[in-house]
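The values are calculated or read from the model by the stated rules, or taken from the named source; none is laboratory data. These numbers were taken from a predicted model, which means no experiment stands behind them. Glycine also receives a Cβ, built like all others from the backbone with ideal geometry; neighbour counts cover every protein chain displayed.
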């Protein structure tokens, strides 16, 4: 067992030809489907389509993107679990899927740790709080003061999403009553925010960047530890007097546990090469900080998310029970 694990780890880390057998003919003949567990138009969907175009070349096979949205990403993960382990299906998601899996651990159709494996990280981005462009608030202090009857209404990607959790932590820190409004993805939530249908939203900064630059919404604060290079004009929560609510997402590929070492190593190297392409990197850099991590690095981040956020979820009483 030890020797097998050593070989698997080495294969994933290096992609060495002597360790990796060619993909079988059946897998090579099938298109690679990238599952996006969110609706079309959101940041992860856009990332997937940029990467799919490049992966067609780096993997030498047809690559398609399929949206399986709903339930904070659980629909997509359940779909991934149910696919054959033949090297034809992967999922592009974020650390928000880990958060959601902790919240709904007792009622999900899968077990995240048991059923999935991290293949490669493609980037990272902080969570952010945004308001309609016409909002009178231009800072977190002004936003908190403008809360009617001490209420804080904010859009999220659904119950148990990362935005839901971060919003609860924020509300507690500024002594407001949280009223989360659920959406099935960042795109419809951002559309309602632009239309003034909701007073605020918390999501990955990636879903807000272009709209903020176009002056359709205002991003008031980042939940990152430092200002983002994508929106350097936006201060962090800590800078505005609300420390201790760091929230940053990783974006990466997941596969069903049980996929062949050859497939996983091939995909990992294909992703690495795709991120080195100047055109793809430029497009992706408008959505996130592009940062490749191999399987071991992404697996460490997943383990850290479970360790960090499980007690926080229990603290705010967000865990869903059967």
Practice problem: Answer with yes or no whether residue 131 is modelled with pLDDT of 95 or more and either within 30 Å of residue 281 (Cβ to Cβ) or in contact with a helix residue (DSSP H, G or I) (Cβ under 9 Å, 6 or more places away or on another chain) (or both). | Solution: yes
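Can you report the number of residues in segment 257-282 which are in contact with a strand residue (DSSP E or B) (Cβ under 7 Å, 6 or more places away or on another chain), touching a residue at least 24 places away in the same chain (Cβ under 8 Å) and assigned to a helix (DSSP H, G or I)? I'd like the intermediate steps shown before the answer.
Taking segment 257-282 and keeping what is in contact with a strand residue (DSSP E or B) (Cβ under 7 Å, 6 or more places away or on another chain), we get 257, 264, 267-268, 271-272, 275, 281.
Right, trim to touching a residue at least 24 places away in the same chain (Cβ under 8 Å) and you get 257, 264, 267-268, 271-272, 275.
Now narrow it down to the ones that are assigned to a helix (DSSP H, G or I): 264, 267-268, 271-272, 275.
Here the count works out to 6.
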Quiz item: Within segment 76-87, can one find any residue that is modelled with pLDDT under 95, within 23 Å of residue 101 (Cα to Cα) and either assigned to a strand (DSSP E or B) or within 22 Å of the chain's Cα centre (by Cα) (or both)?
Solution: no
Practice problem: Might you check whether a residue that is in the same structural domain as residue 282 (by TED's automatic domain parsing), in contact with a strand residue (DSSP E or B) (Cβ under 8 Å, 6 or more places away or on another chain), at pLDDT 50 or above and over 30 Å from residue 107 (Cβ atoms) occurs anywhere in segment 25-42? | Solution: yes
Self-check item: Exclusive hit being at pLDDT below 95 and touching a strand residue (DSSP E or B) at 6+ places or on another chain (Cβ under 6 Å), set 289, 285, 295, 299
Solution: 289
Quiz item: Hey, does segment 165-186 have a residue that's surrounded by fewer than 24 Cβ atoms within 10 Å (Cβ to Cβ) and farther than 22 Å from residue 316 by Cβ?
Solution: yes
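Which residues, taken from segment 236-245, are in a loop (DSSP other than H, G, I, E, B) and in contact (Cβ under 8 Å) with a residue 40 or more places away in the chain?
237, 241, 242, 244, 245
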Quiz item: Restricting the search to segment 142-155, which residues are under 23 Å from residue 216 (Cβ atoms) and over 28 Å from the mean Cα position of the chain (by Cα)?
Solution: 142, 146, 147
